[in-house]
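Peer 1: Would you mind keeping the following structure in view while I ask a few things?
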Amino acid sequence: MKQIKFIHAADLHLDSPMQGLKHLPKEIITRLRESTFTAFKKITEAALQHSVDFVVLAGDLYDGEDRSIKAQARFKKEMEKLAAAQIPVYIIHGNHDHLNGTWIKLDMPESVHIFNENVEVSKLKTKSDAVVHLYGFSYEQRHVIERKIDSYMKKDWADFHIGILHGQDGADSNHAAYAPFQVQDLLEKKFDYWALGHIHKRAILCESPPIVYPGNIQGRHKKELGEKGCYLVTLTEREAELDFIATADVVWKEIQLDITSAKHFQDVYSLCRQTIENNRENGKGTLLSMSLENQETETFLTPSLVSELLEVLQDEEKEMNAFVWLIDLNVMNTNVMSLPNTIYESEFLGELFAEAESIENIEQAISVLYDHHHLGRKYLSPLEEKEEQELIMKAQTLLANLLTSAKR
């Protein structure tokens, strides 16, 4: 029975600038900006370790259409390692690194096949004599909105057929409709595996045949939570085996910490320290957002004390290799109804809290960020419903804490 083994990765975003992190210590910023390269090295190391037949990179290798010399040079170095081991690499470019970008091009080894702007097929015969047809295309420009999937046509006389596509499942309305498709469209092609890219969250859309988003290889901001990586794929004529390989050097996490039992500052501090230790990962850095929930009425956690607590917890991590750096520390779930009656019964404050509860268009309130090209529009993505609610809750909590502390 014939078998092939390969690595499927996507959305490398090499040399991502990691915007909005100037408040971090220099050492952590440097490591985070290096993290995409570190993650990609783990992919090539895995390819060599498992002696794969080939590697598939499904788009957005680079973070921008200008493709920095640094990113290309580092990428080429890894390609040369694979070429020396006679491991070919099959690449498509996506919306971020499309073919018409402006850059100084560095040539890659002959073992690297880059698909052009039209859907084409590349033929590979492995060392075990398995014949593989790989199908794909690269974005000619940033916005490819047509159904390129209609141009994928299966060619016979191969043991395995692998489709490579950087695009969006039409059922997912949270992302721009680049090269849209429906899962049924992919199934109808009767390929043995679909190597997808573009969506940064790992997902298996179908198990037989596998239709797979591996996600990106390194989280770049607080929306890209959890472990990131690629898949080691083993295919036979009867079955498929997918093994996830973690690659991220720095992991983003969110934690809700119940502090109901805390009666004193020392209790809160101890709970926070224990949570940090519980989230420490050997050899990896962690960027952690922590919410302190269910604090008691008339709490001692004033905004200024929370700020001091954050500073102390951060200071203890500056020299750690496996750091857990708190990027946010918020006190949530303050019950505004339990504020002192003299505060809540105020006609003005009653109307203020009621107005906060009825906010429908939060984007309008923060439009100054999105309307300003240099401040935010260039870097901010639309808020999701969960994020809107969290933002409202944080504002209410801050207001309630300020009112409480001011009344004492």
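The values are calculated or read from the model by the stated rules, or taken from the named source; none is laboratory data. Quick caveat, the model's predicted, so the values are computed rather than measured. Counting neighbours? That spans all protein chains shown, and the Cβs are built from the backbone with ideal geometry, glycine included.
Peer 1: Scan segment 141-150 residue by residue and report those that are modelled with pLDDT of 90 or more and either in a loop (DSSP other than H, G, I, E, B) or touching a Leu at 6+ places or on another chain (Cβ under 6 Å) (or both).
Peer 2: ARG147
Peer 1: Just to verify a result, which residue in segment 28-53, among those that are polar (S, T, N, Q) and outside any loop (DSSP other than H, G, I, E, B), is farthest from ASN116 (Cα to Cα)?
Peer 2: THR30
Peer 1: Which of the residues belonging to segment 175-198 are under 24 Å from GLY229 (Cα atoms) and part of a helix (DSSP H, G or I)?
Peer 2: VAL183, LEU186, listed by residue number.
Peer 1: Scan (1) part of a loop (DSSP other than H, G, I, E, B); (2) under 15 Å from VAL56 (Cβ atoms) for the single condition LYS154 breaks and write down its number.
Peer 2: (2)
Peer 1: For segment 103-114, how many residues are assigned to a strand (DSSP E or B) and at pLDDT below 90?
Peer 2: 0
Peer 1: Working only within segment 236-257, note down all residues that are assigned to a loop (DSSP other than H, G, I, E, B) and either aromatic (Phe, Trp, Tyr) or surrounded by 15 or more Cβ atoms within 10 Å (Cβ to Cβ) (or both).
Peer 2: THR247, ALA248, ASP249
Peer 1: For segment 54-82, which positions are surrounded by 17 or more Cβ atoms within 10 Å (Cβ to Cβ) and assigned to a loop (DSSP other than H, G, I, E, B)?
Peer 2: GLY59, ASP60, LEU61, ASP63, GLY64, GLU65, ARG67
Peer 1: Same structure again: Condition test on LYS123, is it surrounded by fewer than 15 Cβ atoms within 10 Å (Cβ to Cβ) and either assigned to a helix (DSSP H, G or I) or touching a strand residue (DSSP E or B) at 6+ places or on another chain (Cβ under 7 Å) (or both)?
Peer 2: So LYS123 fits the description; yes.
Peer 1: Scan (1) farther than 17 Å from SER291 by Cβ; (2) not assigned by TED's automatic domain parsing to the domain that holds LEU134; (3) not acidic (Asp, Glu) for the single condition ARG273 breaks and write down its number.
Peer 2: (1)
Rundown of residues vs (1) touching a Leu at 6+ places or on another chain (Cβ under 7 Å); (2) under 22 Å from GLU224 (Cα atoms), yes/no style:
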{"position": "ALA246", "(1), (2)": "no, yes"}
{"position": "ASP258", "(1), (2)": "no, no"}
{"position": "THR275", "(1), (2)": "yes, yes"}
{"position": "GLU281", "(1), (2)": "no, yes"}
{"position": "MET290", "(1), (2)": "yes, yes"}
{"position": "GLU293", "(1), (2)": "yes, no"}
{"position": "ASN321", "(1), (2)": "no, yes"}
{"position": "VAL324", "(1), (2)": "yes, yes"}
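Peer 1: A further question on this structure: Restricting to segment 258-298, what's the tally of residues that are in contact with a helix residue (DSSP H, G or I) (Cβ under 9 Å, 6 or more places away or on another chain) and loosely packed, with under 13 Cβ neighbours inside 10 Å?
Peer 2: Counting residues in segment 258-298 that are in contact with a helix residue (DSSP H, G or I) (Cβ under 9 Å, 6 or more places away or on another chain) and loosely packed, with under 13 Cβ neighbours inside 10 Å gives 3.
Peer 1: Return a yes/no flag: does segment 18-31 have any residue that is touching a Phe, Trp or Tyr at 6+ places or on another chain (Cβ under 6 Å), surrounded by 15 or more Cβ atoms within 10 Å (Cβ to Cβ) and closer than 29 Å to ALA195 by Cα.
Peer 2: Looking through segment 18-31, none of the residues is touching a Phe, Trp or Tyr at 6+ places or on another chain (Cβ under 6 Å), surrounded by 15 or more Cβ atoms within 10 Å (Cβ to Cβ) and closer than 29 Å to ALA195 by Cα.
Peer 1: Scanning for something modelled with pLDDT of 95 or more and of a type in the set (D, E, K, R), does segment 81-102 turn up at least one residue?
Peer 2: Taking every residue of segment 81-102 in turn, at least one turns out to be modelled with pLDDT of 95 or more and of a type in the set (D, E, K, R).
Peer 1: Continuing with the same structure: Are any residues in segment 6-27 in contact with a Lys or Arg (Cβ under 8 Å, 6 or more places away or on another chain) and either of a type in the set (Val, Ile, Thr) or not in a strand (DSSP E or B) (or both), and if so, which ones?
Peer 2: Our first condition is that a residue be in contact with a Lys or Arg (Cβ under 8 Å, 6 or more places away or on another chain); within segment 6-27, this holds for 13-18, 25, 27.
If the condition is that a residue be in contact with a Lys or Arg (Cβ under 8 Å, 6 or more places away or on another chain) and either of a type in the set (Val, Ile, Thr) or not in a strand (DSSP E or B) (or both), then HIS13, ASP15, SER16, PRO17, MET18, PRO25, GLU27 are the ones that fit.
Peer 1: Exactly one of (1) within 20 Å of TRP103 (Cα to Cα); (2) out of contact with any helix residue (DSSP H, G or I) (no Cβ under 8 Å at 6 or more places or on another chain); (3) surrounded by fewer than 23 Cβ atoms within 10 Å (Cβ to Cβ) is unmet by MET1. Its number?
Peer 2: (1)
Peer 1: Among the listed residues GLN72, GLN86, identify the single one that is in contact (Cβ under 8 Å) with a residue 24 or more places away in the chain and closer than 30 Å to ALA177 by Cα. First the steps, then the outcome.
Peer 2: Values: GLN86 fails: closer than 30 Å to ALA177 by Cα.
Just a single option satisfies the conditions, and that option is GLN72.
Peer 1: Considering only segment 203-228, how many residues are surrounded by 15 or more Cβ atoms within 10 Å (Cβ to Cβ) and at negative phi?
Peer 2: 18
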